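Chemist: One structure follows; several queries about it will come next.
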Protein chains: 2
Amino acid sequence: MNDAAGKNTIERAEPGEVGIVQPRDFVSTGEFVFESGQKLPGFTLRYETYGRLNPARDNAILICHALSGDHHSAGIHTLADRKPGWWNNLIGPGKAVDTNHWFVICSNCLGGCQGSTGPSTINPQTGRVFGMTFPFVTIRDMVRAQKRLIDSLGIESLYAVIGGSMGGMQVLQWGIEYPAFVRKLLPMATTARESAQGIGFNEVGRQAIMQDRDWNHGDYPKNGGPRVGLAIARMMAHITYVSDASMDRKFGRKRTAAESSTAAYTFDAQFEVESYLRYQGEAFINRFDANSYLYITRAIDHFDLAEAHGSLEKAFEKIEAETLVVGFTSDWLFPPEQNREIVLALLREGKRASYAEITTDLGHDSFLLESEELYEIVRGFLK
Amino acid sequence: MNDAAGKNTIERAEPGEVGIVQPRDFVSTGEFVFESGQKLPGFTLRYETYGRLNPARDNAILICHALSGDHHSAGIHTLADRKPGWWNNLIGPGKAVDTNHWFVICSNCLGGCQGSTGPSTINPQTGRVFGMTFPFVTIRDMVRAQKRLIDSLGIESLYAVIGGSMGGMQVLQWGIEYPAFVRKLLPMATTARESAQGIGFNEVGRQAIMQDRDWNHGDYPKNGGPRVGLAIARMMAHITYVSDASMDRKFGRKRTAAESSTAAYTFDAQFEVESYLRYQGEAFINRFDANSYLYITRAIDHFDLAEAHGSLEKAFEKIEAETLVVGFTSDWLFPPEQNREIVLALLREGKRASYAEITTDLGHDSFLLESEELYEIVRGFLK
C-alpha cells in the first residue's frame, strides 16, 4: 500500500506544484462507536495524498481541515481546474510542507459532505440519506476515524499533524489520543475550548438553517434543502473569518458596478462587500450539505479539552509530541490568547511547546493565506 | 407648549427616577422631502420628554437612539412596567443627565416602528401599510425630522445632543446640519463612516429578512411577516453588540437547565448562550418591524460624512458646538479608532473637541450600561 499511496499523487507535476491528484476512498468495515454511544457498522473517508511514503514509513504528515474544508488540500483534479486545493500555497514540492520530502495525507472529516460518511450519505440499512439520524460527531470521533485511515496506509507513526481552526482542534486531539503515534503537532488559529461567542455564531448559523422551512427536520432532496438558511449562515461566518481592517482595505465602501452610476438608495447589493458576501453564500450552498454544517459546528461547540479531561493540563498530560502553536494577531474568532493558552498549559506540564504569533490584519483565515513568515515557521518546525 | 412639554414628565416621581411618562405624538403637516428626493405630505414622530423646559428655553437636551432603540429612553409607562426606558441609568433627577436641571427630549426616528412614521405606518393615500413603498431614509432625514419636532416645542437652541451608535451618527449630523442650534455634541461608540464589516453584518441581517418567504417583498400582515429572518438578524447583531470576554464571563460554556443533567448531544439549546440568543431573537420580533429594520440598517450603511462632504474635515467645517466623543476599548462594531478619527478631524478643523476612551470589556453596548466613569464624563461635559 506504500506504492498505492504514492501512486495517485503526481500524474503531471509542474515545478513546485503537486499536480493532478485523484481523491480515494478508505472504507472501514469495522464497527465505529461514536463518543455519544451511537454506532455505525463502518464508514468511508475520502482522502488525498501527496508525495511518497518512504521505505521507513516515517515521513507521513496528516493535514486536518477546518469547518468548510475538505480532503482536497493541494494540487488540482483536472487540467481544467481553476482552483487548486485549499492549502496549495503551503503544500507541494519545495514548499513549506515539502512533498519531495514528506508524504502528506488529508481526509474529509467524518460527518463531512465531500465524500466521507456524514448526514448526506445513504444509510445502507434504510436506503435513505441519514439526515438527522446520523450519529452526533465530535472532534475526537473525527480523529479516531482518521486513525483507521492512517493505519490502513501501513503508517506506524505520523511525523506531524497540521491544521488550522477546527483542524487545529483535531491536531491537539491527535496528540492526546495517540501520544506515541505523533512526533510533532502544529495547530494554528485554534482553541482548546470553544468560546461562548464561537458557540453563539455557530448557533445563529444553525438557526438560520433549521428555521428555514426547506430544512424540513433535515429531510430534504439532494439539490434542495435550506439553501437560504445555509447561505445566510455562510455569509455571517465569512465575516468572522476576516477582519474589519481587511474588509475595509478590500471593499471599503466601494459601490458595485451596477450601482456606481447612480446615487439612488436600494436594497440590492449597492456595496461591493454585499455582492461579495452574497456570492460567498451562493457558492457555498452548491458545495456543502446543510446537515453536515449542523453536525460539524456542533462538534466544534462541544470541543473543550479542559472539560473533557478535568483541566487543560490533565488533557495534555500524556502528550509526547513537540508542539508549535501559531496564532494570528487579528484573529478574533480564535484570538491569540486562546492559542497562547494551549502553549502555557503544555509548558506547565513540562512538554516541549512553543508559540509563534504572526502579526497580520487579515483575521482568522490568515493561516490559509500566503505568508512567507508562516512558511518559514512551518519549514523550521518540520526540520 | 413649555407647560405642556413639562407636564407629561413626572406624574409619580420616585427619588432619583423620572417616574411615569406618557409618550406623545408630534405631527408635522408640512411636506417632507427625503434626501432621496422622495416626498411625504407629513409625518409623525413619537417622543417623550423628561424634566422641564426653563423660561429661557435653553436647557433642552436631545437624546438620539440606536438601531433598535426608541423614544422611551427613561422612566416607566405604567406602574406595572418592569423595565424602564433604555437609558434610564443615565437620565433622571440627580443622574448624569439630570432632569432636575435639563429638559430632555427623545423621539423615535423617522422610519422607525415605535409610533413614528415608517414602513409599518398606514399610507393615507392608499389605506395600506407603506411597506417597501416607504421612501428611503438617511441619518440626515432623521435629524431633519427631529428638527421639526424641536421647533414645535418652541426650543430655539439645544444645549446638547447625545447618542450612541446610530444615535451618535445623528449627533454628528445635528452639529453639521444646524451648527448654530447646538452647543454641545456628545456622540458615543459611533463612527463618521460605516465600515465594510458593518455593512456586511447589516447585509446578512437584511438577507435573512428578505430571503424569508414570509417577507413577501415587504407586504405582510401586522403580526406576521418574516419572523424567522428578523430573529436571525437580531441574534447575529446581538453578538456584535457585546464581546468575546463579556460573553465568556456571562455564559462561558454553561449548559441550560434542561441540558445540564445529560451528556447527550442535541441541536436544542444546550448552552446558555444559545438559549439567550434565541430569546433575544424571539423578544425582538414582538417589538420590531422587519421593514423598519431594513430601512434603518440601510440608513446606517449610507452614513459616510466624508463621502457626503468631500472630506471629514469639510463635513465638520461649520460645526460650532463643542464636541466630546466617547469610545469604548472593546467595541469592535465601532472601534475606538473610528471614534478617535472624528475628534482628530474636528481638531484639524480647529474645533473644540476631545476624546474620552473608557476601558471596558463589555463591547459596543457599553454606552448603555452602568458606568460611573461614563456618568462622570457626561456630567462634566454638560457642566
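Chemist: Net charge around A:Val326, counting only other residues with Cβ within less than 12 Å of its Cβ (Lys, Arg = +1; Asp, Glu = -1)? Could the numbers behind the result be given before it?
Modeler: Values: positive: A:Arg340; negative: A:Asp331, A:Glu357, A:Glu373, A:Glu376.
Net of charged neighbours comes to -3.
Chemist: Same structure, new question: Return the long-range amide H neighbours of A:Phe271 (sequence gap of 5 or more, or a different chain), with a cut-off of under 5 Å between placed amide H atoms.
Modeler: Close amide H contacts, sequence-distant or interchain: A:Thr256.
Chemist: Among B:Gly363, B:Asn54, B:Ala345, flag the residue with its Cα farthest along the positive direction of the charge dipole of chain B, charges on Cβ as +1 for Lys/Arg and -1 for Asp/Glu.
Modeler: Selected residue: B:Asn54.
Chemist: Amide H to amide H, which residues 5 or more places from B:His302 or on other chains are under 5 Å from it, using H placed in the peptide plane?
Modeler: none
Chemist: Here is a follow-up. A:Asn100 to A:Thr329: extension gain in nm, 0.36 nm per residue of separation minus the Cα-Cα distance?
Modeler: Here the answer is 79.3 nm.
Chemist: Write down, largest first, the equivalent ellipsoid semi-axes of the protein assembly as shown in whole Å, where each equals the square root of 5 times an eigenvalue of the alpha-carbon gyration tensor. Don't skip to the end; give the middle numbers.
Modeler: Working: eigenvalues 561, 136, 120 Å².
Over the Cα atoms of the protein assembly as shown, the semi-axes work out to 53, 26, 24 Å.
Chemist: If we restrict to alpha carbons, what Rg and Dmax does region A:124-192 come to, in Å?
Modeler: 14.3, 42
Chemist: Provide the FRET efficiency to the nearest 0.05 for the B:Ser36-A:Ala56 pair, computing r from the beta carbons and using R0 = 60 Å. Walk me through the numbers before you get to the answer.
Modeler: Numbers: r = 72 Å, r/R0 = 1.20.
According to the calculation, E is roughly 0.25.
Chemist: Placing a label point 7 Å from Cα toward Cβ, how far apart in nm is B:Asp219 from its equivalents in the other copies, listed shortest first to one decimal?
Modeler: 3.4
Chemist: Give me the accessible area per residue for the protein assembly as shown, probe 1.4 Å, as a whole number in Å².
Modeler: Details: 28860 Å² over 766 residues.
Using a 1.4 Å probe on heavy atoms only, each residue of the protein assembly as shown averages 38 Å².
Chemist: Quick one: how many Å² of B:Asp98 are accessible to a 1.4 Å probe, rounded to 10?
Modeler: 40 Å²
Chemist: Could you derive backbone 3J(HN,Hα) for region B:168-178 from the dihedral phi with the Karplus parameters 6.51, -1.76 and 1.60 (θ = phi - 60°), listing whole Hz in sequence and x where the residue is Gly or Pro?
Modeler: Whole-Hz 3J(HN,Hα) from phi for region B:168-178: x, 4, 5, 4, 4, 5, 4, x, 7, 6, 10.
Chemist: Rounded to whole Å, give me the distance from the Cα center of region A:272-318 to that of region A:149-207.
Modeler: 12 Å
Chemist: Using θ = phi - 60° and the Karplus form 6.51 cos²θ - 1.76 cosθ + 1.60, what ³J(HN,Hα) does each residue of region A:334-351 get, whole Hz, x for Gly and Pro?
Modeler: 10, x, x, 3, 5, 6, 4, 4, 4, 5, 4, 5, 5, 5, 4, 8, x, 8
Chemist: Here's something else I'd like to know. Can you list the HN-Hα couplings for region B:217-226, worked out from phi with the Karplus curve (6.51, -1.76, 1.60; θ = phi - 60°), rounded to whole Hz and with x for Gly and Pro?
Modeler: 6, x, 9, 9, x, 3, 9, x, x, x
Chemist: As a check on your grasp of the helix formula, calculate [θ] at 222 nm for chain A: sum -39500 (n - 2.57) over DSSP H runs of n ≥ 4, divide by the residue count, round to the nearest 500.
Modeler: On the way: 13 runs with 133 residues, N = 383.
About -10500 deg cm²/dmol.
Chemist: Give me the dipole magnitude in Debye, nearest 20, for the protein assembly as shown about the Cα centre, with unit charges on the beta carbon: positive for Lys and Arg, negative for Asp and Glu. Mind dumping the intermediate values first?
Modeler: Numbers: 78 positive and 94 negative charges, 175 e Å.
Once rounded to the nearest 20, the dipole reads 840 debye.
Chemist: Taking the Cα atoms of region B:199-296 alone, what are Rg (to one decimal) and Dmax (as a whole number) in Å?
Modeler: 15.2, 45
Chemist: Could you look at region B:182-262 and say what percent of its accessible area is carbon and sulfur, using a 1.4 Å probe and all protein chains? Write out the running numbers ahead of the final one.
Modeler: On the way: 1430 of 2850 Å².
Roughly 50 percent, rounded to a whole number.
Chemist: In terms of the Cα gyration tensor, with a ≥ b ≥ c the square roots of its eigenvalues, is chain A rounded because a/c is under 1.5, prolate because a/b exceeds b/c, or oblate? Don't skip to the end; give the middle numbers.
Modeler: Details: a/c = 1.36, a/b = 1.23, b/c = 1.11.
Note, shape of chain A comes out rounded.
Chemist: Continuing with the same structure: What dipole magnitude, in Debye to the nearest 20, does chain B give about its Cα centre under +1 on Lys/Arg Cβ and -1 on Asp/Glu Cβ?
Modeler: On the way: 39 positive and 47 negative charges, 129 e Å.
Here chain B has a charge dipole of around 620 debye.
Chemist: Using only the heavy atoms of the protein chains and a 1.4 Å probe, how would A:Lys83, B:Lys39, A:Lys184 rank by accessible area, largest first? Write out the running numbers ahead of the final one.
Modeler: Numbers: A:Lys83 165, B:Lys39 120, A:Lys184 20 Å².
Final ranking, largest accessible area leading: A:Lys83, B:Lys39, A:Lys184.
The values are calculated or read from the model by the stated rules, or taken from the named source; none is laboratory data. Here the structure is a predicted model, which is why all the values come from computation and not from measurement. Glycine also receives a Cβ, built like all others from the backbone with ideal geometry; neighbour counts cover every protein chain displayed. Accessible surface areas use protein heavy atoms only, side chains included; no ligands, DNA or RNA. Shrake-Rupley method; radii C 1.70, N 1.55, O 1.52, S 1.80 Å.
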